[in-house]
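Contents: one structure, followed by commentary.
The values are calculated or read from the model by the stated rules, or taken from the named source; none is laboratory data. Note that the coordinates shown come from a computational prediction; the quantities given were computed from them, not determined experimentally. Ideal geometry is used to build each Cβ from the backbone, glycine not excepted, and the neighbour counts take in all protein chains shown.
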Amino acid sequence: MTKITNKLNYDNKIILAPMVRVGTLPMRLLALDYGADIVCTEELIDWKFLKSIRRENDVLGTVDYLDKSDGSVVFRTCQKEKDRVVVQLGTCDPERALKVAKMIEGDVAGIDINMGCPKEFSLKGGMGAALLRQPEKAKSILSTLTKNIKVPITCKIRVFEDEEETLSLVKELVSTGIAAIAIHGRTKAERPQHPNRNGTIRKIAENICIPVIANGGSREIEKYGDIIKFRKACGCSSVMIARTAEGNCSIFRKQGLLDLESVIVNYLKYAIDYDNSPSNTKYCIQNMLKELQETPRGKKFLECQTLEQICAIWDMAEYCRKKQLKFHSQGILSRREVTPDMFSPKAKKIKTELDEDIIEMKCAFIRVNYPEDPDLPKSKIIAYCGKYKQDLPTYKTINQDKLFRAIATFQGKKYSSSYWEKNKRFAEQGAALVLACSLGLISKDDLIKDGSILE
Ligand code: FNR
């Protein structure tokens, strides 16, 4: 087999480190805009990819890997980052890793194997830092990939207490043909407050012949110049930044940091343009705001549940709404419109129950729109029934592929929202919304205004 030599070179690079939930498409594009040379995804577990389906999304101009069961985005990427995005995989199995790598190699610039994660979830599954104590397994994963995959393969490790032992492991890993190795200068047991072992990284860099990417310096990195100092202290040509970038991604700017407000606005623009999920967007902004979440504005932000609500705080609600309506009219389904049978034909049988004579509306239950319990659609209906001495509605829930819809039966008629919700409670409230709307307890205009119904 001819192996295509790759373009991505790891010398002299400043890299956005892999970060769970933080390293999604908007943050990666922002980091590139600010000057990062390479951007890593969050760690993605191999079997999540294997349960996904690749779709080209013409409306957003992205390639999406969608979870087959609920349509959620496992990995979204686009042309702008194609030659600079590295997917980090969580894996403990060479064959599974290879299957995933084959699936994605045409869409990415590199693949990194996580060998440093100290979290119980990873360790129990034999992934992350567990691989540091299983060098044969680690090598088998890496060499299977380097032999069969055309994009460069790297790994990211933590160090051992003992420098020599670390160096010896690194030499073993390098023997598999990896293109570079990222080293976080802390042991599996050490936490971010412990000093980073820059000396160990330096020693490794001096003794191996592939690029070493220094990591773990965020505690001392407050401005661009500190990145260069850290790189020098570790004797490396490349460096990878996590926490400082999570807090303010403009750390990659040679010209200096931007104020947080501008960074959030720029981040939100990408979140809107690439239809990032509200929960992920909120999480990333929370990590930027940090203690600012305690301010009145921060508290208001914490109550937001839709992207539009978040955007309103930074005066971008109009832009968000227009874009979302445009996406909708071009056929992008909102998360709630993903149906269980979209990707798996076996789920068709569910339709029979829903084909009954049902009064249906497309309205989502958005929890934040009902701050007090008496405002909830179900509570309003209970109050109505009490006032007019009516029997309460009954709710029946249908659950398929981790998605839920409910049917409310009231005075012999059936009501349901055509949106699928993530849990039974929300599904019942969705059905109650339709009933409350039919009874005139909640107005359709209000539902449009609060984002429950996209016109
Ligand atoms: C991380 N880190 C991490 N590492 C990794 O290899 N894969 C991952 O998915 C994650 N996820 C993650 C999430 C968050 C929120 C943080 C803060 C960190 C570790 C990270 O990449 C890095 O190794 C350490 O944070 C040390 O580098 P800094 O923060 O000192 O630059």
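Summed over region 179-200, the residues that are outside any loop (DSSP other than H, G, I, E, B) and either in contact with an Asp or Glu (Cβ under 7 Å, 6 or more places away or on another chain) or within 15 Å of the ligand (Cβ to nearest atom) (or both) give a count of 7. Of the helices (runs of 4 or more DSSP H) entirely within region 221-319, those holding at least 1 residues that are within 16 Å of the ligand (Cβ to nearest atom) occupy 224-233, 243-247, 260-273, 278-289. Scanning region 394-443 for residues being in contact (Cβ under 8 Å) with a residue 24 or more places away in the chain and more than 22 Å from residue 72 (Cα to Cα) gives a total of 19.
For residue 173, are the conditions met, namely being touching a Lys or Arg at 6+ places or on another chain (Cβ under 7 Å), surrounded by 15 or more Cβ atoms within 10 Å (Cβ to Cβ) and part of a helix (DSSP H, G or I)? When the stated conditions are applied, residue 173 passes them.
Identification of strands (runs of 3 or more DSSP E) wholly contained in region 5-80 with 3 or more residues that are more than 23 Å from residue 339 (Cα to Cα) and either within 14 Å of the ligand (Cβ to nearest atom) or in the same structural domain as residue 99 (by TED's automatic domain parsing) (or both) yields 14-16, 38-45. The single condition from (1) part of a loop (DSSP other than H, G, I, E, B); (2) within 16 Å of the ligand (Cβ to nearest atom) that residue 106 fails is (2).
Strands (runs of 3 or more DSSP E) fully within region 377-439 that include at least 2 residues being surrounded by fewer than 17 Cβ atoms within 10 Å (Cβ to Cβ): 394-400. Residues in region 144-178 that are within 16 Å of the ligand (Cβ to nearest atom) and over 31 Å from the mean Cα position of the chain (by Cα): 1 in all. The conditions of being charged (D, E, K, R), surrounded by fewer than 22 Cβ atoms within 10 Å (Cβ to Cβ) and more than 16 Å from the ligand (Cβ to nearest atom) are met by residue 203.
Does residue 246 qualify as being surrounded by fewer than 22 Cβ atoms within 10 Å (Cβ to Cβ) and modelled with pLDDT under 95? The answer is no for residue 246.
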